[in-house]
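**Q** Just dropping this structure here.
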Amino acid sequence: MDTWSFFSTCLVSLWLHRLYVYSAVAFGISIWIVIQFSTSKPREKGEKPTGNPASSEGIEDKLVNGCATLQRKEVYVAGVKIFYGSQTGTAKRFARVLAEAVISLNVPVGVISMGDYDPDDCLLEETSSRNICVFLVATYTDGQPTESAAWFCRWLEEAANDFRFGKAYLKGLRYAVFGLGNSVYVDHYNTVGRNIDRWLWMLSASRIMTRAEGDCNVAQSEHGTIEADFEAWKAKFLSRLQALCRGEKKPCSGKCEKGKCKSPGKQSRESSDHEHGVSDYANTEAEELFESSSEEEADAEEAGGASSVLDVEDLGNLMRHMKEAKRGRELEEGDVGMSLTQENPGRKEEGGKREMITPALREALTKQGYKLIGSHSGVKLCRWTKSMLRGRGGCSKHTFDGIESHRCMEATPSLACANKCVFCWRHHTNPVGTEWQWKMDQPELILQEAIENHQNMIKQFKGVSGVQAARFEEAMSAKHCALSLVGEPIMYPEINRFVRLLHQHSISTFLVTNAQFPDEIR
């Protein structure tokens, strides 16, 4: 009883004086916090924390919002992929030699034959993979790629010239090219390597070094033999690869302005080679645009002078200049026509209407993958046709109408447009007219050549990686024709005969129109 009485008295005393107890505890904690702040030294910027020595290896564990996150050292080069296209085995041998040298640098490497690679599926992944893509390609007969590289080169060319891919399709891909050729064949020397380099650049891929060319002609080879040319290039490539792995940028002398190196050495030579390629492409592009631009636009440029900005108040003067220039051309053409008629009375009747496709337009459309028919028609393989040949999906006509895309022929009997849209993604490469004013080909000729050209383009997929044999055989017989390739097909005066001919050949039709020709639609 005495013990219990003592404890109860103490507890009651603490409870009655609890406010003093709380104050003492709070005061003690405050003193401890002040001592901790006053004795700790602030860490300087860049000072590494002490403790586990493993943290100095570039891998640290830090708590963020109560969770552990792992911070790793940034990887600038994930690996190297070496693509080769070889006929005699030289490029393949070089690819293996280069792979061994890259492995010695502890960099992952893969050696890939272009014949076993599907660029439509895999090449886009390289834009974000941080890999370096190396292309060792030989030029074969008449400047053509080897059999194993033929499909890769054809796909890359079409992608570079197809507006649907876009100019930034391969932005982020880093590459280097070494071409194998023989300077004895001057006209076709290293054509394939140069083309691959240009097409990749057109799709916004980035060169890590200037293209190199090996020469089988020992008399003209820079280092005596093609093997020596390759060894010299390999040494430069490995040096560049090591710099990239360290995260270094392109080396220069330090005298740079706005990203352009002014050093007089090797770097400037590489820059000039790159700029030369840029200017070549720019000139080609400019020529195409110039050849395909309308005469009215040319007159507007002449009337407007050097300034590309035109005030609304000056539109009246501009239109007057354009009308006067057009009237002058008509008078000149009339004088020429009269003189031709006097020299040859039958000439005016034969040449009264001009052909729709000019030589410049023919060259531009052929470069974009069109197979031209006669003077105003064309056919081209649709991307969905290529997709379904590989056993993949089809277009909306397959989804909604049951049309098999690999048996569909995309064509047009009129390459001319009815409008000159300001948002045209083809850069106005097609002729424009609100009515038919050109020579006309017969529908029988258009149908026959369309089927032949379509079958020839399908044949190019024989042996291509991923193409299914059954669908390849089916694709040789078109069962549907999409008259939607380009232009306004309903403008063709014999469109009804052409459609009936297609139906007689058991080919269904799908015609696209802007609905500007109601009489023709009826």
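**Q** For the pairs Lys81/Lys386; Lys386/Lys439; Lys386/Lys479; Lys371/Lys439, note any where the Cα-Cα span goes beyond 27 Å.
**A** Lys386/Lys439
**Q** If you don't mind, another one. Sorted from largest down, what three extents in whole angstroms do the Cα atoms of segment 141-221 have along their principal axes?
**A** 43, 25, 20
**Q** Given a cut-off of under 8 Å on Cα pairs at least six residues apart, what relative contact order in percent is computed for segment 116-180?
**A** Once normalised by length, the contact order is 54 percent.
**Q** Kindly list the residues of segment 107-145 that lie in the label zone of Ser206, defined by a backbone N under 18 Å from the point 7 Å along the Cα-to-C-beta vector.
**A** Label zone hits: 124-135.
**Q** Here is a follow-up. Within the set of other residues whose C-beta is less than 15 Å from the C-beta of Tyr117, count the net charge using Lys and Arg as +1 and Asp and Glu as -1.
**A** Cβ neighbours under 15 Å give a net charge of -3.
**Q** Which pairs in the list Lys92/Lys459; Lys167/Lys380; Lys92/Lys167 are over 23 Å apart, alpha-carbon to alpha-carbon?
**A** Lys92/Lys459; Lys92/Lys167
Any read-out appearing in this document is the output of simple, stated calculations on the displayed coordinates, not a laboratory observation. All figures in this text were calculated on a predicted structure; none of them were measured in a lab. Here the Cβ is made from the backbone with ideal geometry for all residues, glycine too, and neighbour counts use every protein chain on show.
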